[in-house]
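One structure below.
The values are calculated or read from the model by the stated rules, or taken from the named source; none is laboratory data. Just so it is clear, the model here is predicted, and its values are computed rather than measured. Heads up, the Cβs are rebuilt from the backbone with ideal geometry, glycines too, and the neighbour counts pull from every protein chain shown.
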Amino acid sequence: MRILGIESSCDETAAAIIENGNRILSNVVVSQIDIHSAYGGVIPEVAARSHIEAINPVLHQAFTDAKLDWADIDAIAVTHTPGLIGSLLIGTLAARTSAILHNIPFYPTHHLKSHIYANWLSGYEPEFPLLALVVSGGHTQIIYMERHDDFHIIGSTRDDAIGEVFDKVAKILGLPYPGGPAIAKVALKGNEKAYQLPMPKVDGLDFSFSGLKTAVLRAIQKDCNLPITTPSHELKNHLSAQQINDFAASFQATAVKILITKLKKAVKNYPEAKSILLAGGVSANLALRDALTSAFSKSHRVYFPDLKFSTDNGAMVASAAYYSIQAGEQPSDPYDLDILPRSIIH
Ligand code: KG4
Ligand code: ZN
């Protein structure tokens, strides 16, 4: 079965054609990073306009690379939630129009489910039951799955998402957007023990990251002898290169520790879990991958998406739809679709 997967929920316009859930026939991603980095973050209106320009060329390229035509496609899958509303509109409109024009079954797909299914794109078949740590720009969740297409959220962030905090701390440190890769890069030259940042006190399996961001802010002000009224955008002017590296390393180490601590708790609560998966844009972080491997590889099979499938792409959308279809999901009506900027997995 060949599925065309379309993704446009944030700042990547992407399309891929995938056979039987994991055979990649094409995978095209056009990123808007260069446009948004000038503003230090994603500007929703600009993102939507850029999707309009990119969507048709991206689709065309996906077919050219796969050497296929619309008649070869068995299903169209598209991210319809969650994401930026203007961005979601463009991908879903392209998908709906194509499904109607070419009479192809249509499957709206959940973005976080797709991130989880990025783990199937390398040809592995993670064993169930499993725990997935979903760490992206918009979400931080621990999800328990007993089987395909079966998702239970057992932990969530109560405030900022982890990727959002990487981006905000990077901005404070004067590093470029997106902050995650920028922090990871300079952290390699920093001392992660240079600054002691507090662990949040949140019960159960939930997360909180806004305190960590404020703790970085206060630690910089203290280290530079600045009053706490100093605006965050001014702090970077007072930091030396070594301080930036050390703050990045200390922040990253604390963020990783928070994630691993909660996942250890989840493993205790779900002793039947056989596999542990990492998913979402922050899964590209090598310090997090290393920490996950050392914490769980003796007790569990640990899976990461291929680096090119960690951040947003169409391949994971097609893969998620494939396993939903195998689990019995019926096609949706392309004339009638809800686009939900915020939503939970159900
Ligand atoms: O999944 P994604 O591409 O988009 C959303 O669904 O949100 O995730 C984007 C997020 C950004 O916050 C970015 O800073 C973060 O993933 N990210 C990283 C790394 N690469 C991307 N965070 C930490 N380390 C990285 N290497
Ligand atoms: Zn994403």
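Going through segment 127-145 one residue at a time, which ones are under 23 Å from residue 5 (Cα atoms) and either within 16 Å of ligand 1 (Cβ to nearest atom) or modelled with pLDDT under 95 (or both)?
From segment 127-145, those under 23 Å from residue 5 (Cα atoms) are 132-139, 143, 145; that's our starting set.
Matches in segment 127-145: 132, 133, 134, 135, 136, 137, 138, 139, 143.
Just to verify a result, which residue in segment 1-32, among those that are surrounded by fewer than 24 Cβ atoms within 10 Å (Cβ to Cβ) and part of a loop (DSSP other than H, G, I, E, B), is nearest to ligand 2 (Cβ to nearest atom)?
Checking each candidate, the answer is 32.
Before we move on, is residue 35 among the aliphatic types (A, V, I, L, M) and surrounded by fewer than 17 Cβ atoms within 10 Å (Cβ to Cβ)?
Details: among the aliphatic types (A, V, I, L, M): yes; surrounded by fewer than 17 Cβ atoms within 10 Å (Cβ to Cβ): yes.
Here the answer is yes, as residue 35 does meet what is asked.
Between a first residue in segment 159-177 that is under 12 Å from residue 210 (Cα atoms) and modelled with pLDDT of 95 or more and a second residue that is more than 15 Å from ligand 2 (Cβ to nearest atom) and among the acidic types (Asp, Glu), which pairs have beta carbons less than 8 Å apart while being 6 or more apart in sequence or on different chains?
From residues that are under 12 Å from residue 210 (Cα atoms) and modelled with pLDDT of 95 or more, the pairs are 168/160.
In this structure, does residue 116 turn out to be touching a residue at least 60 places away in the same chain (Cβ under 8 Å), surrounded by fewer than 20 Cβ atoms within 10 Å (Cβ to Cβ) and within 16 Å of ligand 2 (Cβ to nearest atom)?
Numbers: touching a residue at least 60 places away in the same chain (Cβ under 8 Å): yes; surrounded by fewer than 20 Cβ atoms within 10 Å (Cβ to Cβ): no; within 16 Å of ligand 2 (Cβ to nearest atom): yes.
Taking the combined requirement at face value, the residue does not satisfy it.
So, of the residues in segment 315-334 that are in contact with a helix residue (DSSP H, G or I) (Cβ under 7 Å, 6 or more places away or on another chain) and within 14 Å of residue 80 (Cβ to Cβ), which turns out to be farthest from ligand 1 (Cβ to nearest atom)? Steps first, please.
First, pick out the residues of segment 315-334 that are in contact with a helix residue (DSSP H, G or I) (Cβ under 7 Å, 6 or more places away or on another chain): 315-317, 319-320, 323, 334.
So of that shortlist, the ones also within 14 Å of residue 80 (Cβ to Cβ) come out as 317, 320, 334.
Numbers: 317: 12, 320: 13, 334: 24 Å.
Taking the candidates together, the pick is 334.
Of the numbered conditions (1) within 16 Å of ligand 2 (Cβ to nearest atom); (2) buried (at least 21 other Cβ atoms within 10 Å of the Cβ), residue 55 satisfies every one except a single condition; which is it?
(1)
If you check residue 230 against the conditions, is it part of a loop (DSSP other than H, G, I, E, B) and either charged (D, E, K, R) or free of Cβ contacts under 8 Å to residues at least 60 places away in the same chain (or both)? It would help to see each step written out before you state the result.
Details: part of a loop (DSSP other than H, G, I, E, B): yes; either charged (D, E, K, R) or free of Cβ contacts under 8 Å to residues at least 60 places away in the same chain (or both): yes.
Taking the combined requirement at face value, the residue satisfies it.
Of everything in segment 102-126, what is more than 16 Å from ligand 1 (Cβ to nearest atom), part of a loop (DSSP other than H, G, I, E, B) and within 21 Å of residue 307 (Cα to Cα)? Give them in sequence order. It would help to see each step written out before you state the result.
Of segment 102-126, the ones more than 16 Å from ligand 1 (Cβ to nearest atom) are 102-108, 120, 122-126.
Next, only the ones that are part of a loop (DSSP other than H, G, I, E, B) stay: 103-105, 122-126.
Scanning segment 102-126 gives 122, 123, 124, 125, 126.
Exactly one of (1) closer than 30 Å to residue 241 by Cβ; (2) surrounded by fewer than 24 Cβ atoms within 10 Å (Cβ to Cβ) is unmet by residue 122. Its number?
(1)
Among the residues of segment 256-271, is any outside any helix (DSSP H, G or I), in contact with a Lys or Arg (Cβ under 9 Å, 6 or more places away or on another chain) and more than 15 Å from ligand 1 (Cβ to nearest atom)?
Our first condition is that a residue be outside any helix (DSSP H, G or I); within segment 256-271, this holds for 270-271.
From the residues that got through so far, the ones that are in contact with a Lys or Arg (Cβ under 9 Å, 6 or more places away or on another chain) too are none.
Looking through segment 256-271, none of the residues is outside any helix (DSSP H, G or I), in contact with a Lys or Arg (Cβ under 9 Å, 6 or more places away or on another chain) and more than 15 Å from ligand 1 (Cβ to nearest atom).
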